[in-house]
Amino acid sequence: MKKSPEFSLIQQYFHALTANREDVIVGIGDDCAVLNNPQDFYTAISIDTLVQGIHFFADVDPYRLGIKALAVNLSDLAAMGAEPAWFTLALTLPEINDEWLKQFSAGLADIAQQHRIQLVGGDTTRGPLTITIQVHGHLAKDNILQRNAAQTTDLICVTGCLGDAAAGLQYKLGQLDTAPLTDTDIEYLLQRLEMPTPRNQIGQQLVSKAHAAIDVSDGLLADLNHILHASNKGAKLNLSSLPFSPVLQKLPLKLATQLALTGGDDYELCFTAPAENVAKLKQQFPKMIRVIGEITQDKGMYFQNAQGEWQAFSKIKAGYDHFA
């Protein structure tokens, strides 16, 4: 019997995509994957869908898209402190484009091998270009990192730099004044937008040191607000401590601050932890962790204005709304 095009796609581009893990009993090629979860561990699961024209531009490099499609899911595992293990892929294609598939699968393979996560199943069908990935990770039963455990006097920290991806998006939309930027600067912003770096190594270290965490996908204010709401706490932020990359520092301070606070797509981690544990994390990850504020008992989110007075943010985004 002749193999179906769907089966051929899976075999050709995705069957040998990732290194084999010992905890995969049955992988691609059967009706279901069969997986062996380690004793004393839970399974952390997350799923994301990327749709052309909504989450990425039609002209995006397919290699970069392969990286981002998995990276945004790995970032969810990082926010829970879970170790990446397995993932599934559902790919909807308008047509079979061998060169596109070759590049997309190469990007997916590179980031999967970097994080030692194995593709264990999936599906392909015809339709508007859509990518859905579900990730699974291992999480020790006595250490679950959630949003609802922030404690008063915890320091609020973020990893990496904020606002770069949002600046890259503004450039793609023709809304960014590029006068202060070089071609190299613009390429850096596009890389941050199209190939985010999930912070799984840091996330796994947060499990025993942080109280609450979230990944910054919808913007710092929106995502930090999720922690505050779940923990029934408030926050005071020091805007002068926001971590800007050298490229973002070339933009006007007001714009850079706005991008860092509300832009989203950074896929950095925002977490709260006691001061002594933050000090330990800074030693483990030099230059990667910045303290930007403190958790308070009183609800609300405040920043210090130019006069040194604490002022409430007038409006906090609820997060990215796919149906807005």
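Every number in this text was worked out from the coordinates using simple rules, so none of it is lab data. Everything numeric here is computed off the predicted structure, so don't read it as measured data. Cβ sites come from the backbone with ideal geometry, for glycine too, and all protein chains shown count toward neighbours.
When both bridge partners sit in the chain, DSSP labels roughly 75% of those beta bridges antiparallel.
Computed about the Cα centre, the dipole magnitude for segment 138-289 is approximately 540 debye when only Lys and Arg (+1) and Asp and Glu (-1) carry charge, each at its Cβ.
Per-residue packing, averaged as other Cβ atoms within 10 Å, sorts the ranges 267-278, 64-75, 92-103, 143-154 into the order 64-75, 267-278, 143-154, 92-103, beginning with the highest. For segment 172-238 versus segment 45-59, the inter-centroid distance based on Cα atoms is 18 Å. Rounded to the nearest 500, the helix-only mean residue ellipticity at 222 nm of the chain stands at -9500 deg cm²/dmol, with each DSSP H run of n ≥ 4 adding -39,500 (n - 2.57).
Highest GNM mean-square fluctuation, the chain, Cα pairs closer than 10 Å: which of GLY163, GLY308, GLY122? Per the Cα network of the chain with a 10 Å cutoff, GLY308 tops the list. Considering only DSSP beta bridges whose two residues both sit in segment 5-140, what percent are antiparallel, to the nearest 5? In segment 5-140, DSSP labels about 70 percent of beta bridges as antiparallel.
Report note on the peptides 282-292, 210-220: ranked by the mean count of other C-beta atoms within 10 Å, highest first, their order is 210-220, 282-292.
Which one, PRO84, PHE41, GLY122, projects farthest toward the positive side of the charge dipole computed for segment 5-140 from Cβ point charges (K/R +1, D/E -1)? Farthest towards the positive end: PRO84.
Restricting attention to segment 197-312, close to 75% of DSSP beta bridges with both partner residues there are antiparallel. Across segment 5-140, the mean sequence separation of Cα contacts (distance under 8 Å, 6 or more residues apart), normalised by length, yields a relative contact order of 41 percent.
Does segment 94-145 come out rounded, prolate or oblate, given a ≥ b ≥ c as the square roots of the eigenvalues of its C-alpha gyration tensor, rounded meaning a/c under 1.5 and, failing that, prolate meaning a/b above b/c?
Judged from the Cα gyration tensor, segment 94-145 comes out prolate (a/c at least 1.5, a/b above b/c).
The phi-based Karplus calculation (6.51 cos²θ - 1.76 cosθ + 1.60; θ = phi - 60°) puts the 3J(HN,Hα) values of segment 306-311 at 4, 8, x, 9, 7, 10 Hz, whole numbers, x for Gly and Pro.
Evaluating 6.51 cos²θ - 1.76 cosθ + 1.60 at θ = phi - 60° for every residue in segment 63-79, the Karplus couplings come out as 4, 5, 5, x, 5, 5, 4, 8, 4, 5, 7, 4, 5, 5, 5, 4, 5 Hz, glycine and proline recorded as x.
For Cα Rg over 2.2 N^0.38 Å, the candidate list reads (i) 1.36; (ii) 1.22; (iii) 1.04; the entry that matches the value derived from this model is (iii). Across the cross-link table entries LYS68/LYS172; LYS68/LYS236; LYS141/LYS287; LYS172/LYS282; LYS68/LYS141, which are compared at the Cα atoms, the separations over 26 Å belong to LYS68/LYS236; LYS141/LYS287; LYS172/LYS282; LYS68/LYS141.
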